[in-house]
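The values are calculated or read from the model by the stated rules, or taken from the named source; none is laboratory data. Just so you know, these numbers come straight off a predicted model, no measurement behind them. All Cβ positions, glycine included, derive from the backbone under ideal geometry; neighbour counts span all protein chains shown.
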Amino acid sequence: MIFGRTERGKAPVEPVTLKILVAGGFGVGKTTLVGAVSEIKPLRTEELLTEAGRPVDDTSGVEGKHTTTVAMDFGRITLREDLVLYLFGTPGQDRFWFLWDELATGALGAVVLADTRRLEDCFAAVDYFERRSIPFVVGVNCFEGASRYPVEDVRQALDLDAAVPVVLCDARGRESVKEVLIEVVQHAMAYAAGRRHTVTG
């Protein structure tokens, strides 16, 4: 079956649509991740970095970065004929965080992208989702030339709960990103089931 069409004699499939956030520090690869997996041309709200923004935009470690997301990135991926994910990439700098609450409304879960060279940059995103009880997965974006660490070392460094999945990924690779998104959906479903059990138990 091709998405949007049905085989003869079969009822049309109405897909379930889910909202996933992609968060993390400045320059960690959020825009790249959304673009790598989106089946539509991603909506991007990138602007050039300017000299005026240098005092507030920490570009150490990502000196080659010349643009920044000022609102959001948006993409879409069909995982199955009955399951479509809408991806919303959040802006990375502190000065745009007022947008996060709006973007987080109705989100099933989130990916927190991490760069082991600047691991502290994702602390704020981890804290944001923990405080709002939004299930999330940490995706360690494996940049070329960056040291590789076992996922348990990353978990310990970020002081994550044992239930939070940590996965290695390449934000440029479609299949790698799909695996991360599947992990988010599975984790969010397990999280929701656990909360229902707690309420009814």
inquiry  = Being more than 20 Å from residue 187 (Cβ to Cβ) and at pLDDT 60 or above narrows it down to one residue among 85, 99; which is it?
reply    = 99
query = Which residues, taken from region 114-157, are of a type in the set (Asp, Glu) and either surrounded by fewer than 18 Cβ atoms within 10 Å (Cβ to Cβ) or closer than 27 Å to residue 195 by Cα (or both)?
reply = 120, 127, 130, 144, 152, 153
inquiry  = Suppose the filter is in contact with a helix residue (DSSP H, G or I) (Cβ under 8 Å, 6 or more places away or on another chain) and at pLDDT 90 or above; does residue 21 pass it?
reply    = yes
message = Among the residues of region 167-185, are any among the acidic types (Asp, Glu), closer than 21 Å to residue 37 by Cβ, outside any loop (DSSP other than H, G, I, E, B) and out of contact with any Cys (no Cβ under 9 Å at 6 or more places or on another chain)?
response = yes
remark   = Residue pairs qualifying under the 8 Å Cβ cut-off, at least six apart or on distinct chains, with the first in region 106-130 being under 17 Å from residue 88 (Cα atoms) and the second being in a helix (DSSP H, G or I) and among the aromatic types (Phe, Trp, Tyr), are 109/191; 110/129; 112/129; 128/100
note = Among (1) charged (D, E, K, R); (2) at pLDDT 95 or above; (3) out of contact with any helix residue (DSSP H, G or I) (no Cβ under 9 Å at 6 or more places or on another chain), residue 115 falls short only on (3)
ask   = Which number in (1) acidic (Asp, Glu); (2) buried (at least 18 other Cβ atoms within 10 Å of the Cβ); (3) more than 17 Å from the chain's Cα centre (by Cα) marks the one condition that residue 161 misses?
value = (2)
